[in-house]
Amino acid sequence: ETLYYCLVVRACCGAPKYVKGIKTVPGPKGSKFGIPTMYEYNSGEQVFLGPDRRELVPIPGSSRTDPVHYHSLIAEAGRSRDYQLKRFREMAVYESDRVYTEYLVAFTRVKAKKK
């Protein structure tokens, strides 16, 4: 049997940016390093502030001189065509001080018996 590991963490998501998936559009030819830009799957809204993908876009309505950026990214899952993820939602937190590891869980998978 194969042994699998999973980290159980406590995370502070703050103000999350919710998306139904992410669409990648290749960078224009001749642009700096040709880095692709990432957009929300349905609305086409930009998700990341810059090409390094280390910071999310500012929250709408926040100050232009000192903007407040989204703190985390939550990709929702659903069965309709509107969702890119079908099974589990995904969460990403971009600052290490907002995540605390609680447990390391070791487990094996057991195949269900057919009825």
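Before moving on, here are some points about what is shown:
- Check on Arg87, in a loop (DSSP other than H, G, I, E, B) and modelled with pLDDT under 85: yes
- Near pairs, Cβ below 7 angstrom, 6+ apart or cross-chain, from the stretch 35-48 (at negative phi) to any residue that is modelled with pLDDT of 80 or more and among the aromatic types (Phe, Trp, Tyr): Met38/Phe48
- Taken over the stretch 96-108, the residue count meeting the criterion of being outside any strand (DSSP E or B) and surrounded by 13 or more Cβ atoms within 10 Å (Cβ to Cβ) is 1.
For every residue, the table says whether it meets (1) among the hydroxyl-bearing types (Ser, Thr, Tyr); (2) at pLDDT 80 or above; (3) assigned to a loop (DSSP other than H, G, I, E, B); (4) closer than 30 Å to Tyr103 by Cα.
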residue: Gly14; (1), (2), (3), (4): no, yes, yes, yes
residue: Phe33; (1), (2), (3), (4): no, no, no, no
residue: Tyr39; (1), (2), (3), (4): yes, no, no, no
residue: Asp52; (1), (2), (3), (4): no, no, yes, no
residue: Tyr83; (1), (2), (3), (4): yes, no, yes, no
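The values are calculated or read from the model by the stated rules, or taken from the named source; none is laboratory data. Being a predicted model, the structure only gives us computed values, none of them experimental. Glycine gets a Cβ as well: all are built from the backbone with ideal geometry, and neighbour counts include every protein chain shown.
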